[in-house]
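Okay, structure first, notes after.
Just so you know, all these numbers are worked out from the coordinates, no wet-lab data involved. Note that the coordinates shown come from a computational prediction; the quantities given were computed from them, not determined experimentally. Glycine also receives a Cβ, built like all others from the backbone with ideal geometry; neighbour counts cover every protein chain displayed.
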Amino acid sequence: MPSTALITGASRGLGLALARALADREWRLVLDARGAPALEAARRELAQITDVTALAGDVADDWHRAALVDAAGGRIDALVNNASILGMSPQPALADYPLAILQNVLHVNALAPLGLIQAALPFLPARARVVNVTSDAAVEAYEGWGGYGSSKATLEQLTRVLAAERPQLNVYAFDPGDMNTALHQAAFPGEDISDRPPPEDSIPALLELLEGELPSGRYRATDLAVAS
């Protein structure tokens with residue numbers, strides 16, 4: 001039986017690049033994104049290679065998370081929490097950050113991944129992989145990145161505690177570094193970010209987490225590239 005991966009935010013960027021790589025390795029895929037047209041295009045592409053289910057929706061919604069887990073069919077070998085939102089663009093200083101918007105950023109980027117993990121736990125076998133995609137903004141104090149960075153810092157602490165509480169799982173926080181993606185472009189409106197590497201450059205490091213034997217922890221794509 002092929003391994004099953006549940007990937008959120010899989011209609012573009014890092015999520016789509018990972019879905020393509022796993023499809024080539026004959027993984028069965030359950031994919032999520034908010035934008036139905038782009039997600040359906042991804043499903044059509046990948047369905048030519050592997051078994052793929054795509055459900056459009058918001059990971060912040062309880063019913064959508066339950067539907068994703070149900071679509072996995074009783075076993076999830078890898079759960080990749082990749083979906084996230086930036087918040088405001090341009091990003092404001094914390095002194096000016098509307099709390100209602102910050103609350104939504106924290107909900108989508110930290111609470112929703114935990115909610116999906118909670119729903120998936122009964123279906124994660126021993127040595128299943130949980131990958132929470134994070135950012136250097138979670139550990140570095142960049143001016144203007146307080147909202148997004150604090151949400152990812154919360155996600156990283158949740159990752160660490162889950163790893164301690166569930167030693168039978170491989171639980172990772174994965175920092176892909178700068179990428180030329182829509183989210184990163186939104187963080188720098190009007191700027192040219194074409195010098196950033198494409199998300200595909202981070203996929204070998206992600207595959208090492210999903211298919212290798214690394215212990216639970218925080219990993220940067222650049223570190224894994226050096227190690228390999």
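Here are the numbers:
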read-out	value
Estimated dipole of the chain in Debye, rounded to 20 [Cβ of Lys and Arg +1, of Asp and Glu -1, Cα centre]	620
Residue-count net charge about Thr50 - beta-carbon cut-off 13 Å; Lys, Arg +1, Asp, Glu -1	+1
Relative compactness, the range 28-128, computed as alpha-carbon Rg over 2.2 N^0.38 Å	1.22
Normalised convex hull volume, the range 4-227, alpha-carbon set, Å³ per residue	119
Part-to-part distance (alpha-carbon centres) for the range 88-107 and the range 18-48, which is given in Å	31
Evaluated at q = 0.14, 0.23, 0.28 Å⁻¹: base-10 log I(q)/I(0), Debye formula over Cα of the range 1-58	-0.28, -0.76, -1.14
